[in-house]
Amino acid sequence: MALLGKARFLRDGCGADHANSVACPEFMPAISSKQSSLPKAGDDSTLYVLDLSGYVFRAYHALPELSNEQGEPTHAVYGTTNMLRKLLQDCKPKLFAVAMDSRGPSFRHEMFAKYKANRPPPPPDLSQQMERVRQIVEAHRFVTISKPSVEADDIIATLVRDARGAGLKVVIVSADKDLLQLVGDDVVMFDSMRNKVFDAKATQDKMGVPPAQVRDLLALTGDSSDNVPGVPSVGPKTAAKLLSEFGSLEAIYDHLDKVSGKSLKSKLQEHKDQAFLSQRLVTLKNDVSLGVEVEQCRVTAVDEPALHALYQELGFSKLAGEIIAPPAEKLDIELVLSSNDAIAAFDLLQSAKQIVAIPFVERAGRSPLLALGLAAIDSQQNKLSRAFCFLPSAGPLSIVQLAEQVKELIDNAQRELCVTDAKMLCLATGVSPFASAKLTDLMLASYLLESDQRGHDLAALGQRYLGENVPAEGELLKDLHTTQQSLVGQSDHSELGSLVAKRLMMVATLAPMLEAKLKEQKLWEVYAELELPLAKVLSKMEWVGIRLDTEVLNHLSSEASVKMIELEKKCHALAGKSFNVNSPRQLETVLFDDLGLAVIKRTKTARSTNQDVLEQLSLEHDLPSTILEYRSLAKLQSTYLDALPRQVNPKTGRVHTQFNQAVAATGRLSSSDPNLQNIPIRTELGRAVRKAFIPEDGWLIFSADYSQIELRVLAHLSKDKELCAAFIND
């Protein structure tokens with residue numbers, strides 16, 4: 001689903017599609033148990049009647065603009081679909097009918113040519129989406145009614161009459177105040193967006209009159225949205241007071257001489273014809289020839305293929321996965337705890353032409369392997385066959401032996417491999433997967449397809465493309481830690497095994513799906529010839545790591561501590577008293593109360609002492625600049641001088657950063673744990689930190705960087721003479 005303009009919306013559900021949300025805002029809150037007026041969910045004697053046009057209109061104006069890959073607008077369709085799904089899920093109606101406005105004028109236009117004249121024509125994309133919504137409703141096999149020259153409200157009024165005649169209760173799903181005139185002991189109106197049920201009492205509270213007088217109240221007040229004129233200067237309170245006193249519009253005019261207030265009486269007299277015209281306009285027609293009996297509104301099975309096709313066309317892939325998802329296939333998975341069992345498992349996997357592999361590690365990068373999920377894909381039946389979860393952390397299984405067997409299995413030019421993250425698999429097992437006949441890396445594929453989306457791990461992809469929920473990685477690893485001893489001797493149907501099996505099946509399902517999307521969007525060459533080779537290079541860089549002279553950093557840290565003590569004393573001298581230089585509140589008092597410096601910026605609770613403020617105040621006094629120097633040194637010490645030595649791998653004596661290939665939306669690499677792309681260089685101490693990174697004896701570190709790479713690419717692609725000349729002439 002493409003996002004138009006600057007609107008951002010999580011796909012497929014709030015999660016919107018390809019969502020699901022921005023998040024997304026819940027279109028309909030859960031139905032409160034306090035709503036006693038709403039019939040019990042699944043009640044067989046209640047007819048639900050949906051004012052579909054109202055749903056679509058509200059969704060159209062509530063959501064940011066969305067479109068599918070073909071550019072077709074979809075936000076109103078998506079919002080309406082979610083509201084409809086929520087209604088069906090919560091209320092479980094057994095009898096359900098949908099009323100829609102028809103195109104063209106209604107009989108009310110014949111009464112009053114200016115009826116609804118102040119409404120602008122509907123936007124073209126709203127009409128287009130209305131038709132899509134109709135298709136979705138019809139794919140649910142709901143009775144859908146629209147009739148020429150009458151409005152949805154008249155259809156609803158007729159259905160209410162028929163349902164009452166059949167002894168049924170009715171829930172009108174709408175927020176249209178005109179429909180409140182239908183409310184009674186057996187009829188309520190449900191505004192699902194506000195989770196409000198209108199029975200007779202709630203109608204009285206909202207309108208100031210009971211349901212039987214709503215029509216006449218609207219006749220008196222008019223309705224600007226429909227251009228119903230009413231009586232000028234008669235508002236809801238005045239109208240309600242008149243109806244409370246006289247009972248009806250007719251009675252008001254029969255006893256006009258008893259109406260108090262000369263001006264009001266004059267207005268009513270002058271606009272009598274207009275009042276009764278308005279009454280006819282707001283009166284709901286309840287004798288429309290529907291051609292449908294109430295019993296025909298009984299809910300039946302959804303047309304799943306039709307609904308699935310619609311969701312696919314609209315780009316609602318999560319919804320498509322839910323509506324036609326086959327029953328979850330149970331995959332038996334064997335927990336492998338010993339070296340002998342591992343040998344037997346690898347023997348069974350050797351004959352497979354396609355393998356799915358998922359490593360589980362405590363942290364990304366070069367970290368001990370906690371578990372390894374491996375499964376064979378049956379290419380003829382396009383499903384997983386044998387699956388294993390190797391647990392070197394839970395028994396006498398040798399990690400070294402496991403790595404040797406993994407190498408024989410996946411480092412194979414004859415075998416295809418599906419993984420969540422090839423680089424992580426390489427770092428976790430020490431085995432390169434990049435020699436495979438075909439390597440499908442879900443993280444890289446997803447990043448190329450949707451670099452603007454946050455999250456390309458299996459949990460995010462499962463939610464986005466399959467509507468599947470899997471435990472967060474941290475929860476699964478916690479489970480591994482807490483149960484590793486008790487796993488010995490368990491059957492192969494443990495909860496842990498089921499979680500790993502589900503992940504393996506998700507990878508197998510997603511791999512061909514994302515591969516097809518890459519080829520469809522002409523990104524396969526970028527994936528195969530750029531991203532995968534880069535992942536191979538990065539995995540080698542992370543595996544090797546970089547050597548660090550910790551003695552240099554320790555020495556620098558000691559010097560920094562001495563310098564910070566000196567700066568702290570200087571701050572106290574400049575302030576004229578001792579205070580905690582690390583406390584923003586104490587610094588605030590010193591700067592603005594004791595020294596009387598100008599307050600530049602305020603937060604909700606205090607006067608700001610952030611870096612921008614201190615830089616401006618440095619022009620007035622030496623204390624702010626000294627505080628900035630102290631803070632800079634403290635940050636350098638905590639971030640690099642003290643932190644980097646702790647991140648040295650004791651086995652290799654090196655720092656193994658992670659190069660994140662699928663994070664920055666611009667396509668750039670980022671570095672983390674630690675961030676080696678952000679070592680300071682502009683200060684003397686920062687340059688000294690860089691000198692702590694040292695090569696092997698006899699080797700050199702070669703530093704290369706692009707200068708203004710984006711502008712250079714722009715110059716090359718645009719062939720702009722002046723831009724090219726700027727670079728040619730340096």
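No value in this document is a laboratory result; all are computed from the given coordinates. None of these values were measured; they are calculated from a predicted model. Note that we place each Cβ from the backbone using ideal geometry, even for glycine, and neighbour counts take in every protein chain shown.
Place the peptides 540-551, 204-215 in order of packing, highest mean first, counting for every residue the other Cβ atoms within 10 Å and averaging per peptide. Walk me through the intermediate numbers first.
Numbers: 540-551: 15.4, 204-215: 18.9.
My ranking of the peptides, most packed first, is 204-215, 540-551.
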In Å, what is the Rg of the alpha-carbon atoms in segment 237-301, and how long is Dmax? 19.0, 62
Segment 88-247: relative contact order as a whole-number percent, Cα under 8 Å and 6+ apart: 19 percent
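Taking the Cα centre of the chain as origin, work out the dipole magnitude from +1 charges on Lys and Arg Cβ and -1 charges on Asp and Glu Cβ, in debye rounded to 20. Working shown, then result.
Details: 82 positive and 93 negative charges, 297 e Å.
Dipole size: approximately 1420 debye.
Using 1/(1 + (r/R0)^6) with R0 = 41 angstrom and r between the beta carbons of E615 and F727, what's the FRET efficiency to the nearest 0.05?
Numbers: r = 34 Å, r/R0 = 0.82.
Once rounded, the FRET efficiency stands at 0.75.
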Can you give the FRET efficiency for A516 and N469, using 1/(1 + (r/R0)^6), R0 = 22 Å, r = Cβ-Cβ distance, to the nearest 0.05? 0.40
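Arrange the peptides 597-610, 500-513 so that the one whose residues have, on average, the most other Cβ atoms within 10 Å appears first. Walk me through the intermediate numbers first.
Working: 597-610: 12.6, 500-513: 22.1.
Going by the mean number of other Cβ atoms within 10 Å, highest first, we get 500-513, 597-610.
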With a bin width of 10 angstrom, please list the P(r) values of segment 156-277 as percents of all Cα-Cα pairs, from the 0 bin to the one holding the largest distance. 13, 40, 30, 14, 2
Kirkwood Rh, segment 76-223, all Cα pairs: how many Å? 16.8 Å
What order do you get for 240-249, 704-713, 46-55, 432-441 when each peptide is scored by the mean count of other beta carbon atoms within 10 Å, highest first? 46-55, 432-441, 240-249, 704-713
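Is there a quick way to get the dipole size of segment 606-730? I mean about its Cα centre, with the Cβ of Lys and Arg at +1 and of Asp and Glu at -1; what is the value in debye to the nearest 20? Walk me through the numbers before you get to the answer.
Details: 14 positive and 15 negative charges, 89 e Å.
Taking the Cα centre of segment 606-730 as origin, the dipole is about 420 debye.
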Distance in nm between pseudo-label sites at L669 and I681 (7 Å out along the Cβ direction from Cα): 1.5 nm
Percent RCO, i.e. relative contact order, over segment 219-324, from Cα pairs under 8 Å lying at least 6 residues apart: 23 percent
Choose one of P695, P584, L402: the residue whose Cα lies farthest towards the positive end of the charge dipole of the chain (beta-carbon charges +1 Lys, Arg; -1 Asp, Glu; about the Cα centre). P584
Go through (1) 63, 40, 25; (2) 76, 28, 24; (3) 39, 32, 29 and flag the label whose value is the computed semi-axes √(5λ) of the Cα gyration tensor in Å for this structure. (1)
Within segment 142-193, list the trypsin sites (Lys or Arg not before Pro) lying in a DSSP loop whose Cβ has at most 13 other Cβ atoms in a 10 Å radius. none
So what does the Cα-only Debye profile of segment 384-452 read at q = 0.15, 0.21, 0.28 Å⁻¹, as log10 I(q)/I(0), no solvent term? -0.57, -0.97, -1.28
Once phi is turned into θ = phi - 60°, what whole-Hz ³J(HN,Hα) does the Karplus curve with 6.51, -1.76 and 1.60 give for every residue of segment 277-294, x standing for Gly and Pro? 5, 4, 4, 5, 5, 8, 5, 7, 7, 10, 10, 5, 7, 7, x, 9, 8, 4
Theoretical ellipticity at 222 nm over the chain - DSSP helices of four or more residues, -39500 (n - 2.57) apiece, nearest 500: -13000 deg cm²/dmol
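Just flag the trypsin sites (Lys or Arg not before Pro) in segment 273-362 sitting in loop per DSSP whose Cβ has no more than 11 other Cβ atoms within 10 Å.
K330
Can you give the extra length, in nm with one decimal, that the chain gains between Q350 and K651 once fully stretched, where that is 0.36 nm per residue apart less the Cα-Cα distance? If you can, show how the numbers build up before the last one.
Working: separation 301, 0.36 × 301 = 108.36 nm, distance 3.22 nm.
Answer, rounded to one decimal: 105.1 nm.
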